[in-house]
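A.B. asks: Can you read through this structure? Questions will come right after.
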């Protein structure tokens, strides 16, 4: 029986008509924890703070402002902003009107971002003053936007812009009442939209429902043990993948929230300093951000005690050296998590099962932490072989990871052909993985990235992580390139700490014990930097293209 054909039992007497809306989360937090703090970075690089009660009043004012601009149910409103105070307020004000909050990825090229804006039908875009050049480059590609709203503490007369029909957010806020009667919204309505980064073809639209993000918030809060005694810092951009759903989970738990504003990977000291000053216990980010944070911590004379901290790491698998480094220097727990834009995003979180305590040695426990983790409650997961057959959870059989659940999408928005990525409600991730008998998912590669050499598979991810254990390697990418005899061979492209080349024999020694001799790369290329996609992942498509003639 297809999963979408439910069996009808006896009617319940629950209030099932009560809709799961995002406004319920923020309203409850503001009512019961009005004094809880929200700390935010200011435009001049300083810090300020206000309370949930203060934020809620501004959220209601913002809803009134948007209504005054003609925003109503089903309308799409875009945001171009960092992880800021105003961005946080708009996370609730826009969907509270039954409108759709469009997450606009600042790293997309103007043409792609214009496609996203046009395809979604966005009519209003709110833009931080610091991002006006990006908005002005976007405007010619977004003819459907009739109002641009500038987010700034500076008065309008001090702001120069070529944006048509530009208005000032704070001027409108000053004139708007701070009370709003929230409508009851059908929980299956879209609350937000996010578009994939478009590494292949045009970006694809994912529209999240109120119900989906509400249930995701509960599952994430449970998996991370979130409560009102926590302090949550949102490091992952709020403009993509809704900062992994952590804003909503933090508010569900009524936790203190820290919004770091604009920062760069080249200087993450501001993140570490804020983490220490505000006693952050939960933060999210990619290894590309956590590694420089760890490097900065290593320079501190007094190493901080972060033993309460849970650092949720995603985008790519965190290196074992990163996880052990945080643990040894600070006591922080780096928690590997897995998901995608299409999955709201969490599918699995790597928490250590108490039932395994005492059964695994220290090295085995650390090796287990390299897994993507255990499925969240509410998510179904399966591994499917190339013939479409489900394989057992034995830690050996591998295939494509497929998932379904209340926060997993079943189609892309306004896309004619969805068959390639969906199968009767299952989303086909494109990831190759296996699940062990304890339920831990381990990704071995992307289907498009797995290296097929002499009829056998070589995991590029496993090889990259093994290389990262080398003390001189700062970052590593492994790609398969065409080979006249073996179909494909692995090529290691690495960044070293001093820019010097690494002898091939030294690289092979780093891989010994993890890879057979036939799997070893014959070529190691040292570069200054590795290319990344707009969401911070290694751009292997670019690397494969650049080295495709290496063995021709």
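A.B. asks: For helix 287-299, what angle does its Cα long axis make with the longest principal axis of the chain, in degrees from 0 to 90 and rounded to 10?
C.D. replies: 80
A.B. asks: Mind giving me the FRET efficiency for residue 18 and residue 363? R0 is 51 Å, r the Cβ-Cβ distance, nearest 0.05 is fine.
C.D. replies: It comes out at approximately 0.55.
A.B. asks: Find, to one decimal place in angstroms, the Kirkwood hydrodynamic radius of region 10-134, where the mean of 1/r is taken over every pair of different Cα atoms and then inverted.
C.D. replies: Over region 10-134, the inverse of the mean reciprocal pair distance is 16.2 Å.
A.B. asks: Run lengths n ≥ 4 of DSSP H only: what is the helix-derived mean residue ellipticity at 222 nm for the chain, with -39500 (n - 2.57) per run over all residues, to the nearest 500?
C.D. replies: Mean residue ellipticity, 222 nm, calculated: -8000 deg cm²/dmol.
A.B. asks: Same structure, new question: Compactness ratio of region 22-262: Cα Rg over 2.2 N^0.38 Å, N = residue count? Provide the component values of the computation, followed by the final result.
C.D. replies: Working: Rg = 16.7 Å, N = 241, 2.2 N^0.38 = 17.7 Å.
Normalised by 2.2 N^0.38 Å, the Cα Rg of region 22-262 equals 0.94.
A.B. asks: Average the reciprocal distances over every distinct pair of alpha-carbons in region 15-72, invert the result, and give the Kirkwood radius in Å.
C.D. replies: On the way: mean 1/r = 0.0750 Å⁻¹.
That comes to 13.3 Å for region 15-72.
A.B. asks: Mind checking the alpha-carbon convex hull of region 1-40 and giving the volume per residue in Å³?
C.D. replies: Numbers: hull volume 5.5 nm³, N = 40.
Considering the Cα atoms of region 1-40, their hull volume per residue is 138 Å³.
A.B. asks: Against the longest principal axis of the chain, how steep is helix 52-68, in degrees 0 to 90 to the nearest 10, with axes from Cα atoms?
C.D. replies: 70
A.B. asks: Oh, and also: Using 0.36 nm per residue of separation minus the Cα-Cα distance, give me the extension gain between residue 7 and residue 542 in nm, one decimal.
C.D. replies: Residue separation times 0.36 nm, minus the Cα-Cα distance, leaves 187.8 nm.
A.B. asks: If you don't mind, there's one more thing I want to ask. Calculate I(q)/I(0) for region 436-516 by the Debye formula, one identical point scatterer on each C-alpha and no solvent, and give its log10 at q = 0.14, 0.17, 0.22, 0.23 Å⁻¹ to two decimals.
C.D. replies: Log10 of I(q)/I(0), two decimals: -0.52, -0.73, -1.08, -1.14.
A.B. asks: While we're on this one: Tell me the relative contact order for region 248-357 as a rounded percent, counting alpha carbon contacts under 8 Å between residues six or more apart.
C.D. replies: Values: 138 pairs, mean separation 21.6, N = 110.
Normalised by residue count, the contact order of region 248-357 is 20 percent.
A.B. asks: Just the ratio, please: alpha-carbon radius of gyration of region 122-206 over 2.2 N^0.38 Å, N its number of residues. Kindly include the intermediate steps, with their values, before the conclusion.
C.D. replies: Values: Rg = 16.0 Å, N = 85, 2.2 N^0.38 = 11.9 Å.
Its radius of gyration relative to the 2.2 N^0.38 Å reference: 1.34.
A.B. asks: So what's the Cα pair-distance distribution over region 65-130, bin width 5 Å, in %?
C.D. replies: The distribution over region 65-130 is 4, 18, 30, 25, 17, 6, 0, given as percents.
A.B. asks: Hey, another quick one. Please compute the length gained on full extension between residue 156 and residue 505, using 0.36 nm multiplied by the number of residues separating them and subtracting their Cα-Cα distance.
C.D. replies: 119.4 nm
A.B. asks: What relative contact order, as a whole-number percentage, does region 451-546 give when Cα pairs under 8 Å and 6 or more residues apart are counted?
C.D. replies: 27
A.B. asks: Grab every C-alpha pair in region 377-446, bin the distances at 10 angstrom width from 0 up to the longest one, and report whole percents.
C.D. replies: 21, 50, 25, 4
A.B. asks: Using the Cα gyration tensor of region 271-373, with a ≥ b ≥ c the square roots of its eigenvalues, what is the shape: rounded (a/c below 1.5), prolate (a/b larger than b/c) or oblate (neither)?
C.D. replies: Verdict is oblate for region 271-373.
A.B. asks: At 10 °C and a viscosity of 1.306 mPa s, what translational diffusion coefficient does Stokes-Einstein give for region 470-552, taking Rh as the Kirkwood radius over Cα pairs? Give it in µm²/s as a whole number.
C.D. replies: 118
A.B. asks: If I take all pairs of Cα atoms in the chain, what percentage of them are more than 33 Å from each other?
C.D. replies: Of the Cα pairs, 43 percent sit more than 33 Å apart.
A.B. asks: Can you give the convex hull volume per residue for the Cα atoms of region 132-275, as a whole number of Å³?
C.D. replies: 199
A.B. asks: Using Cα atoms only, what is the angle between the long axis of helix 320-330 and the major principal axis of the chain, expressed in degrees (0 to 90) to the nearest 10?
C.D. replies: Approximately 60 degrees, to the nearest ten.
A.B. asks: Let me ask you something else. What number, in percent, do you get for the relative contact order of region 22-262 if the mean sequence gap of Cα pairs under 8 Å and at least 6 apart is divided by its residue count?
C.D. replies: 25
No lab work stands behind these numbers, since they all come straight from the coordinates. Not measured: the values here are computed from a predicted model. Please note: Cβ atoms are built from the backbone with ideal geometry, for glycine as well, and neighbour counts cover all protein chains shown.
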